[in-house]
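The values are calculated or read from the model by the stated rules, or taken from the named source; none is laboratory data. Owing to the predicted nature of the structure, the values given are computational and were not obtained by experimental measurement. Cβ atoms come from the backbone with ideal geometry, glycine included; neighbour counts cover every protein chain shown.
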Amino acid sequence: MRIRDGRLQDASQIAELLGQLGYAATTDFVENKLNRLIQHSDAQLIVAIENVDRIIGFASLHFIPQLGVEGDFCRISYFCVDHKRRSRGIGKRMEAAIVESAIQRQCDRIEVHCHIRRSSAHKFYARQGYVEDPKYLLKQLSDRTQRSMSGTLDQAEST
């Protein structure tokens, strides 16, 4: 197994892995998102591969500058190892690569949001030294985004 940066042509295999996490992402959808992610200077996609180019895991990272403190932080937005290959050290090696990337970017912490139903993932993160920090606030924007795109939100807010 080796780890490399992700590529646009990895979209179909990443879509399959996203399916294992419960996301119904098509290859076209993932390809569009990968194109944006790969071009973003404060983001990175890493993939774990075996054989020639079979992706068995991936992680997307975002590096966020912090105005008030010395170190920045790295956010793991997605992290998946193929369900048939879990508990073989792949996730541990990928997490070590994430740590290395974060250190190279002068980050002093890594943050990951993991759904409450993913208890085995919680155990994995705990074994890697992550601690729970339960205050997490979320504002859903999907309804506002849809209305804004149709122009109704802009009109409603200006009145």
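Condition check ((1) surrounded by 13 or more Cβ atoms within 10 Å (Cβ to Cβ); (2) of a type in the set (A, V, I, L, M, F, W, C); (3) closer than 17 Å to LEU21 by Cβ) across all residues:
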residue	(1), (2), (3)
LEU67	no, yes, no
CYS74	yes, yes, no
SER77	yes, no, yes
CYS80	yes, yes, yes
MET94	yes, yes, yes
ASP108	yes, no, no
CYS114	yes, yes, yes
SER119	no, no, yes
*Taking only pairs six or more apart or across chains, which ones have beta-carbon atoms under 6 Å, a first residue in segment 32-51 that is touching a residue at least 12 places away in the same chain (Cβ under 8 Å), and a second residue that is among the β-branched types (Val, Ile, Thr)?*
ILE46/ILE3; VAL47/ILE55; ALA48/ILE3; ALA48/ILE56; ALA48/ILE90; ILE49/ILE55; GLU50/ILE56
*Keeping to segment 82-115, report how many residues are under 15 Å from SER60 (Cβ atoms) and either of a type in the set (Lys, Arg) or touching a residue at least 60 places away in the same chain (Cβ under 8 Å) (or both).*
3
*Test: VAL30 is over 15 Å from ALA102 (Cα atoms) and touching a strand residue (DSSP E or B) at 6+ places or on another chain (Cβ under 6 Å)*: no
*If only one of ILE38, ILE56, ILE46 is assigned to a helix (DSSP H, G or I) and either aliphatic (A, V, I, L, M) or under 17 Å from LEU21 (Cα atoms) (or both), which one is it?*
ILE38
*Looking at (1) under 25 Å from LYS33 (Cα atoms); (2) at pLDDT below 75; (3) out of contact with any helix residue (DSSP H, G or I) (no Cβ under 9 Å at 6 or more places or on another chain), can you tell me which one GLN155 breaks?*
(1)
*Out of PHE79, PHE73, which single residue is under 12 Å from the mean Cα position of the chain (by Cα), closer than 25 Å to ARG127 by Cα and outside any helix (DSSP H, G or I)?*
PHE79
*Limited to segment 1-52, what total is found for residues that are over 24 Å from GLN106 (Cβ atoms), more than 12 Å from the chain's Cα centre (by Cα) and not aliphatic (A, V, I, L, M)?*
20
